[in-house]
Amino acid sequence: MTKRILVVEDQEDNRQILRDLLGSVGHEMIEAHDGEAAVAQAAKHKPDLILMDIQLPVMDGYEATRRIKANPELRAIPIIVVTSYALSGDEEKARAAGCDAYVTKPYSPRQLLAKLNEFLK
Amino acid sequence: MKKRRSMTTVPKRRNAPKAVRRRSSSPAGRETKLARLTRELHEAAEQQTATSDVLKVIASSPGDLAPVFDALVERAMRLCEAAYGHVYTFDGELFHLAVAHGERRYLDWIRQSGPRPPTSSLTFVRIVAGESVAHIGDITAEPSYRSSKSRARTIVAEFGIRTVLTVALRKEDTLLGTIVLYRQDARPFSDKQIALVTNFASQAVIAIENTRLLNELRQRTTDLSEALEQQTATSEVLRVISSSPGELEPVFNAMLANAVQICEANFGMLFRYEDGVVRAAAMLGVPPAFAEFWQRGPQRPGRQTALGRNIETKQPVHIVDVTADPAYVGGEPVFVAAVKLGGFRTILNVPMLKDNELIGVLSIYRQEVRAFTDKQIELVQNFAAQAVIAIENTRLLKELRQRTDDLSESLQQQTAAADVLKVISRSAFDLQTVLDTLTESAARLSDAEMSAITRQIGTAFYHVTNYNFPPDWIDFTKTVSLEPGRGSVVGRVLLESKSVQVPDVLNDPEYTYLEPARKAGYRTFLGVPLLREGKPIGVITLGRKTVAPFTEKQIELVSTFADQAVIAIENVRLFEELQKRTEELSESLEQQTATSEVLSVISSSPGELQPVFDTMLAKATELCEASYGVMWLREGDAFRTAALHGALPAAYLEQLRSGTQFRPGPDVALARVAQTRKPIQIADMRESRGYLDGDPLPVAAVDVAGIRTLVVVPMLKENEFVGSIAIYRQEVRPFTDKQIELVTNFAAQAVIAIENVRLLNELRQRTDDLGESLQQQIATADVLKVISRSTFDLQTVLDTLTASAARLCEADIVNIWRPKGAEFEISASHHLSPEHKELLQNLTQKPGRGSCVGRTLLEGKPVHIHDIYNDPEYALTNVLKLRRIHTMLGVPLLREGVPIGVMALIRTEVRPFTDKQIELVSTFADQAVIAIENVRLFEEIQDKSRQLAEASKHKSQFLANMSHELRTPMNAILGYTELILDNIYGEPTEKMRGVLTRVQSNGKHLLGLINDVLDLSKIEAGQLTLSLADYSVKDIVHNVFSSVESLAKNKKLALTIDLPPKLPAAHGDERRLTQVLLNLVGNSIKFTDKGEVAIKAEAANGSFTLSVRDTGPGIAEADQRKIFEEFQQADSSTTKEKGGTGLGLAISKRIVEMHGGRLWVDSRLGQGSTFSFNVPLKVERQVEPT
């Protein structure tokens, strides 16, 4: 069943991987290249799930997550943070912002897909 | 009426079941009035009967409660239709079952359930809380039944009990127990029934009370009768003692009889103990065979026998069963005999002690094994004490009798000469009176007309008394001394030492003492010697004017008088001697007192000689009854007056004026004493050589001071003449030897005093010296302390130095000058007034001769200016003048010979510093240099550390950023590769797939490197924090196993796990510990080409150990340390072959250490390796790296 996934990612390569990965299983992918756009796209498209990078231009992923989770209409959308920040405390910060899962880069596309499916069921 | 009242006292329970009320308060409708009345009458009669029955039981079994309780319960059950009934007694804490009635099975159960606490019962709790009646209509309906413990449920389930009635047995406010009734159907007791039980309860209380009183009475009676019996026995013994004084046997027998009877013994013995042997003094009822043993004579009891133990311990010995006593078992012959011959079983031996010495033993025996009670032992002890008294009484009585006999005899003898004795005793020490009395008595009693006593005075004999001799005889004999010879009676007595009688002096051819005989007119003359130790010390003579010789009897009587005269003379002699001694004693006491006074002066004014000398001289002068005293001390070959005593005339004093030296001529006593070192006495100065030669000193002494007799005594120190003491009299009267000795004694003490003072002064000097150096040492130590305490607070150190220097060197101002640019400024000062400070604030100095500081800098050594006003080179400034500065001392602070400052000391008076002070300031200057140097070095180190920390931080930050930046492209590389391999972009060729697999594995290796670098940088930056949580060691092992299983399989290695069945739960960072184990296992698999890799877990002593053993190449000992360092592998050549960053072990080691654990390796080249780490099971806090 087709789901609508919002991918927030400023790197084209990483977007392409996700595009290919999600496309291979038939999901629809909406993109945002910065945090502000992510908040707007989320409000506009009401995706089934959001993959959120943290290090983003304009507004970082933490803030974007916080804003989306502050919106009662969007609060239910699961947010999986996907980040290359792997220092101690990073995950805690992401959790505090309201994300539902935390995946560090580099990730295995196969495993990321498995994680996605946990939330899409 | 009574019943009704008792009914109203039953408190109505608020929550009594309604059924109870209905049943008891309203009559049953269908019953006729008659039937009801009849039933009530019947009930009342029955209850009355029951009550009276119970009362009967109470009356018939006094002191025994069980039958009373039985009767009560039985009737209560019957009248109240109860299935079970009990009486419990209460001791304040627990309820004890007294009686219980009911079915067998229940009784068995209740009787073995033991005392019950109030909480074990729903009703007991309420009774203890103060209720009189606790009534439960249906236990199962009680709200607390549901929650109650097993007991209430048990009695319901097991015995069908439903209704409970508990009534308190209460005396005043004290709860004594309860009556408890149970019914097996849920049917409440009626008010009447409750009232009846309450009535029974009152009777039970009365019964309990009666029993208590009765038992008390019985105990009292028993006690009393026992005491009475013992008292009677004691008094009987006492009566025997008093009725047979001096006779011990009846006393002993009475005592034994009473002891045996009262103590319910079979027989008894009383032993006497003396000189280590024991004999039987009395026996009562002793079996003949055993009695015979003692009748043979005294025995020396063995140490193990009861008597032996008495002798040793002087304590009672109580052997309850002699056949069980180790001594008997060991074959002690006396014990064996006692048992065999006397059937002894229980023995009580009580010692008889006089002044804590054993004088006997009182023993009683039983032929059965039955211990004597404490009271019985006490009684026997009482008897033993009385036996001692009786023995003592007897002894005293005997002694008294002996004394009385002795006394009466001597009294008889003494009565005879009583008169004379009376005189003697009356005038014990007036010899003349005694002798006069004797002379007269002798004459009168022997019918002599005249009598006299002649005594030895000096070497000759003179008449000392006379009776009835005419005056011209007396005059004549006064001057005549009698000597041994035949010419007189006295002479003959002295010659022969025995009585001599001349019947007629006129007709005795040898008698020549005729003139006195004619003067006195005697014819018969008797002389009796006064003998002392066989030698005549005098003669008593008696004369008759007619020729009538004295009879033997008369001579004997006179002899008695002669003896008494000797005694009297002797007494007087002794008395006089005593008096003389006493005088001597008091004299020496006086001298001793004087000496001790002098000594006390010496001790009270240590270090001061004058008071000692003054006291000494005063005492010497007074005690020797002299007028003046002078003490001289030698000074070289001259003398100086050290002390004077007595009102010496001024003109003579002029000669002796203290403080001035003088040299006496060689013949002057003083000079002679100095030479001979011996005391000199001059009986009369006027005849002395010195005076006759005209030496001014003796001339002045005699002519001015009227001195006549003098003694000079030397003061000698180790036989060396150091001075003398002289005392003078203004009359010619020589000093006695004793007096000279006394002065000599004082002279010796004077020497000691002088010596003491010398030593004391020396000691003081030493102490002062020591004190000074100690003070300096303390100051130095203080400064060092300050330096060490405030290593990096230079100002404090310098302030301390200036303050210490000011105090110890008595400087008014102390400054430390330190460089400022090319010049020097004050950086610490002491005692500098604020205005002065301000003036000096901007003052700088540079090397130059014009100032103390400048000169010190110039010369590089201490500069001491005694007075700047007398220093031509000194540039005087107004400031210096204003502060009135005079003496200055500058000491350079030298580092490697170069002045880096100056310590300047200033005095506002002209008073140069001592060498010691300059030395001390140099020490301070050295310390200042050390402090300055320390601070400089410290600051340098701090600066370096700061730079280092900065650099390290930059490095860590850089590494962290790098690793982060590298991850992003890695994501693309690994992501794409995986997607291709997963055929997202279509099926790649087998060749492409092979290449992609290598891309993927290289990418993963690169990622591993990045991760390791990140970890290490985090650890180094102190950013790695453990996430501490509960985990299971087992899980870690299994996780690692499953993630490396395929790797091992690929290399065809056996991978094994050895886990103990039970591993305790652990607390720590699971992820990091997994990483460590993974690293170790990964390494082992990597480096092992064949064989196996074994993982083993063990837990002990609050920690667990995980070890990984492999059959790889092993690690040389030299490399074992290296492999834990960063970027190191044992053999760098293998890096290319095997891969790996060389960071894994370093990281693992840090992680283990952060858990407070240890990581190590055991390995030998060619024999495989075992890597192990041990971590505490519970890690509550991360261990910071040291």
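Readers should treat all values here as calculations from the given coordinates under stated rules, not as data from a laboratory. Computed from a prediction, not measured in an experiment: that's the story for all the values here. In this analysis, Cβ positions are derived from the backbone assuming ideal geometry, glycine residues included, and neighbour counts consider all displayed protein chains.
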Looking at this model, which pairs from B:K991/B:K1018; B:K478/B:K545; A:K93/B:K1062; A:K44/A:K115; A:K121/B:K1018 are more than 29 angstrom apart at the alpha-carbon?
B:K991/B:K1018; A:K93/B:K1062; A:K121/B:K1018
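Could you work out the mean count of beta carbons from other protein chains within 10 Å of each residue's beta carbon in A:11-20?
Working: counts 4, 1, 7, 5, 0, 4, 8, 2, 0, 7.
Shielding by partners across A:11-20 averages 4.
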Can you give me the distance in nm between label points at B:I457 and B:L1165, each placed 7 Å from the Cα along the Cα-to-Cβ direction?
13.4 nm
Expressed in nanometres to one decimal, the distance between label points 7 Å along Cα→Cβ at B:E392 and B:E625 is 5.8 nm
Hits among aspartates and glutamates - C-alpha to C-alpha of B:K1086 under 16 Å, sequence gap 8 or more where chains match
B:E1045, B:D1110, B:D1131, B:E1137
What is the fewest-to-most order of B:L270, B:L1059 by other Cβ atoms lying within 10 Å of their Cβ?
B:L1059, B:L270
For B:K953, what charge total do you get from the other residues with a beta carbon under 11 Å from its beta carbon, if Lys and Arg give +1 and Asp and Glu give -1?
0
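Suppose the chain between B:R78 and B:E635 were pulled fully straight at 0.36 nm per residue; how much longer would it get relative to their current alpha carbon spacing? It would help to have the intermediate numbers written out before the result.
Values: separation 557, 0.36 × 557 = 200.52 nm, distance 12.98 nm.
Length gained between B:R78 and B:E635: 187.5 nm.
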How big is the dipole moment of the range A:40-121 about its Cα centre under a simple scheme where the beta carbon of each Lys and Arg is +1, that of each Asp and Glu is -1, and everything else is neutral? Debye, nearest 20, please.
220 debye
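Report the calculated FRET efficiency for B:S1043 and B:T140 (r = Cβ-Cβ distance, R0 = 45 Å), to the nearest 0.05. Can you show the working numbers first?
Details: r = 64 Å, r/R0 = 1.42.
It comes out at approximately 0.10.
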So how strong a dipole does the range B:77-146 carry about its Cα centre when Lys and Arg Cβ are +1 and Asp and Glu Cβ are -1, to the nearest 20 debye?
180 debye
Mean 1/r over all different Cα pairs, inverted: what Kirkwood radius does the range B:953-1034 give, in Å?
15.0 Å
Counting other Cβ atoms within 10 Å, which GluC sites (Glu not before Pro) in the range A:16-121 have at most 10 and lie in a DSSP loop?
A:E73
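Give me the extension gain from B:Q610 to B:D355: residue separation times 0.36 nm, minus the current Cα-Cα distance, reported in nm with one decimal.
On the way: separation 255, 0.36 × 255 = 91.80 nm, distance 6.06 nm.
Answer, rounded to one decimal: 85.7 nm.
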Note down the nm distance, to one decimal, between modelled labels 7 Å out along Cα→Cβ at A:K44 and at A:E28.
1.4 nm
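Rounded to the nearest 0.05, what FRET efficiency do B:F958 and B:N1002 give with R0 = 30 Å and r taken as the Cβ-Cβ distance? Could you check? Kindly include the intermediate steps, with their values, before the conclusion.
Working: r = 24 Å, r/R0 = 0.81.
Here the calculated transfer efficiency is 0.80.
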Note, B:P666: beta-carbon cut-off 13 Å, +1 each Lys/Arg, -1 each Asp/Glu, net -1
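What pairs in B:K955/B:K1178; B:K785/B:K861; A:K105/B:K1049; B:K1049/B:K1090; A:K105/B:K1122; B:K498/B:K519 have C-alpha atoms more than 22 Å from each other? Could the numbers behind the result be given before it?
Values: B:K955/B:K1178 34 Å; B:K785/B:K861 26 Å; A:K105/B:K1049 29 Å; B:K1049/B:K1090 11 Å; A:K105/B:K1122 33 Å; B:K498/B:K519 26 Å.
Where the Cα-Cα span goes over 22 Å, the pairs concerned are B:K955/B:K1178; B:K785/B:K861; A:K105/B:K1049; A:K105/B:K1122; B:K498/B:K519.
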Neighbour-count ranking [beta-carbon atoms within 10 angstrom, fewest first] of B:W817, B:W473:
B:W473, B:W817
Please give the length that would be gained between B:V125 and B:K861 if that part of the chain were fully extended, namely 0.36 nm times their separation in residues minus their C-alpha to C-alpha distance (nm, one decimal).
255.0 nm
Taking R0 as 41 Å and r as the Cβ-Cβ distance between B:I206 and B:Q315, the FRET efficiency 1/(1 + (r/R0)^6), rounded to the nearest 0.05, comes to 0.25
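So if I place +1 on the C-beta of Lys and Arg and -1 on the C-beta of Asp and Glu, and nothing else carries charge, what would the dipole magnitude of the range B:91-220 be about its Cα centre? I want it in debye, nearest 20.
Details: 18 positive and 14 negative charges, 59 e Å.
That gives a dipole near 280 debye.
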Footprinting proxy, B:Y976, B:Y985, B:Y1031: sorted fewest to most Cβ within 10 Å, the residues are B:Y985, B:Y1031, B:Y976
